[in-house]
Amino acid sequence: MEEGQSLTSCHVSSLVIDRLCDRAVEHNAGVAGFYCDFAARKEQSPTNILGAVLRQLVGGLAEIPEEIKQAHRDYKRAIGGRRLQLADILSMLQTVVSKKPSFICIDGLDECVVEYRTKLLVSLNQVLQKSPGTRVFLTGRPQMQADVVRRLSGRVMTILITPRRPDIISYLHYRLGEDGNPDEMDSDLEADILKKIPEISEMWVGATT
Amino acid sequence: MLLTNFFQWRLIGQSPGIIRLHKDPAFVKLSRILSTHHLLSTSFRTAKMSRNLFHDNLNSLAGNCCSFNNTATINNAYPRPDILTWLSPLEPRLRHEDIRERRARNVGEWVLQAEEFKNWYAGSGRSESDTGVLFCYGDPGVGKTFIR
């Protein structure tokens, strides 16, 4: 697992999810999020990921849709209790997003098993085809961009996540505030850190992008 | 325990022994202290209850929209928790809370101000140019040290 990507995208995803949640009450929208995790990649199938998304969106509805209640009754009656399939989840997801504006956020596509990722993107495309008002937020590595655009029929806007100077300065302030040896710090050293590290990191970022 | 017993005494304080005790200066002082304490603790409990009630209401309100921040508290005759668990046993909210707690303040806020984000957020899917998907991408080697 490459922590850097995961943490960078997690950070942005969590910011986005919080912003969406803050505004969701005002706009009566549903918000669901999922963080893909390399360590749990085998369990994180499209069925499980979209199941978790569906659960959150249903949990945000004042009333559970009759279609879902009926499906639940049918499953309970089935001998041995058949497990939910991707098609079942998708059908219920389409029901839910058609009832309410919905935001679906999935972080760290690069942490998914490749086949799962492909199925996930295809499934999200099906949701968007039926309910184009649904908003999907995804994060991943640059090399996934072409695949994401292709699987989602080109309905994709992109943002390159790279640390900017204010990010680096804010982060340095944050870490300096946590310094366990404040006696070793003085205002000159702090000013020096806040000046030089952003410069070096910008040079470095410039060289790698 | 002392406090509880004391207030029980006060409630049944009609017996002659208790009335005599009420006249004792030490008892009067203790009575004053404990009354203040009781008032304070009652106020504190009331405030705490109001706060919990406020949180519950807030959760109910938020629950209508964003299940990341709530435990569903909506009246529904149908077994809601059963259905939700049946849909998925996973709780990504916990991971979200963990990430949020470790997040450095003001880092990455520019994403929320980006035109791409605003357009994506405001889109309704009705126009041809509308894009339902926002893909944020980054290289694993970029920003690792700084955004962590």
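Regarding the range A:26-34, can at least one residue be identified that is in the same structural domain as residue A:109 (by TED's automatic domain parsing), modelled with pLDDT of 95 or more and in contact with an Asp or Glu (Cβ under 9 Å, 6 or more places away or on another chain)?
yes
Can you list residue pairs whose Cβ atoms sit under 9 Å apart, with the first residue in the range B:107-135 being within 19 Å of residue A:33 (Cβ to Cβ) and within 7 Å of another protein chain (Cβ to nearest Cβ) and the second being among the hydrophobic types (A, V, I, L, M, F, W, C) and assigned to a loop (DSSP other than H, G, I, E, B)? Count only pairs 6 or more apart in sequence or on different chains.
Going by the 9 Å Cβ cut-off, the qualifying pairs are B:108/A:161; B:111/A:161; B:132/A:152; B:133/A:152; B:135/A:152.
Being outside any loop (DSSP other than H, G, I, E, B) and at the interface with chain A (Cβ under 7 Å from one of its Cβ atoms) is the filter here, so list the residues in the range B:82-93 that pass it.
Of all residues in the range B:82-93, those outside any loop (DSSP other than H, G, I, E, B) come to B:82-87, B:92-93.
Those that are outside any loop (DSSP other than H, G, I, E, B) and at the interface with chain A (Cβ under 7 Å from one of its Cβ atoms): B:83, B:84, B:86, B:87, B:92.
Among the residues of the range B:94-109, are any at pLDDT 90 or above, over 30 Å from residue A:72 (Cβ atoms) and in a loop (DSSP other than H, G, I, E, B)?
No, because not a single residue in the range B:94-109 is at pLDDT 90 or above, over 30 Å from residue A:72 (Cβ atoms) and in a loop (DSSP other than H, G, I, E, B).
So is residue B:41 on the phi < 0 side of the Ramachandran plot and either at pLDDT below 60 or of a type in the set (Asp, Glu) (or both) or not? It would help to see each step written out before you state the result.
Details: on the phi < 0 side of the Ramachandran plot: yes; either at pLDDT below 60 or of a type in the set (Asp, Glu) (or both): yes.
Spelling it out, residue B:41 is indeed on the phi < 0 side of the Ramachandran plot and either at pLDDT below 60 or of a type in the set (Asp, Glu) (or both).
Please go through the range A:22-39 and give me each residue that is crowded, with 16+ Cβ neighbours inside 10 Å and closer than 15 Å to residue B:118 by Cα, ordered by number.
If the condition is that a residue be crowded, with 16+ Cβ neighbours inside 10 Å and closer than 15 Å to residue B:118 by Cα, then A:24 is the only one that fits.
Looking only at the range B:91-121, count how many residues are in contact with a strand residue (DSSP E or B) (Cβ under 9 Å, 6 or more places away or on another chain) and among the hydrophobic types (A, V, I, L, M, F, W, C).
Qualifying residue count, the range B:91-121: 5.
Scan the range A:12-19 and give yes if some residue there is within 18 Å of residue B:91 (Cβ to Cβ) and either at pLDDT 95 or above or surrounded by fewer than 21 Cβ atoms within 10 Å (Cβ to Cβ) (or both), otherwise no.
Of the residues in the range A:12-19, the ones within 18 Å of residue B:91 (Cβ to Cβ) are A:13-14, A:17-18.
Going one step further and asking which of them are either at pLDDT 95 or above or surrounded by fewer than 21 Cβ atoms within 10 Å (Cβ to Cβ) (or both), we end up with A:17-18.
Yes, the conditions are met somewhere in the range A:12-19.
Output the residues belonging to the range A:92-147 that are small (Gly, Ala, Ser) and out of contact with any helix residue (DSSP H, G or I) (no Cβ under 9 Å at 6 or more places or on another chain). It would help to see each step written out before you state the result.
Keep residues of the range A:92-147 that are small (Gly, Ala, Ser), which gives A:98, A:102, A:108, A:123, A:131, A:133, A:140, A:146.
A:146 - this is the single residue of the range A:92-147 that is small (Gly, Ala, Ser) and out of contact with any helix residue (DSSP H, G or I) (no Cβ under 9 Å at 6 or more places or on another chain).
Could you tell me which of the residues A:84, A:50 is out of contact with any strand residue (DSSP E or B) (no Cβ under 9 Å at 6 or more places or on another chain), within 15 Å of residue B:89 (Cα to Cα) and not aromatic (Phe, Trp, Tyr)? Don't jump to the end; show me each part of the working.
Numbers: A:50 fails: out of contact with any strand residue (DSSP E or B) (no Cβ under 9 Å at 6 or more places or on another chain).
Exactly one residue qualifies, and that residue is A:84.
Look at the range A:119-142 and say how many of its residues are within 16 Å of the chain's Cα centre (by Cα) and within 14 Å of residue A:44 (Cα to Cα).
The qualifying residues number 2.
Consider the range A:29-76. How many of its residues are under 27 Å from residue A:101 (Cα atoms) and in a helix (DSSP H, G or I)?
Number satisfying all stated conditions: 22.
The values are calculated or read from the model by the stated rules, or taken from the named source; none is laboratory data. Nothing here was measured: the structure is a model prediction, and the numbers come from that model. Please note: Cβ atoms are built from the backbone with ideal geometry, for glycine as well, and neighbour counts cover all protein chains shown.
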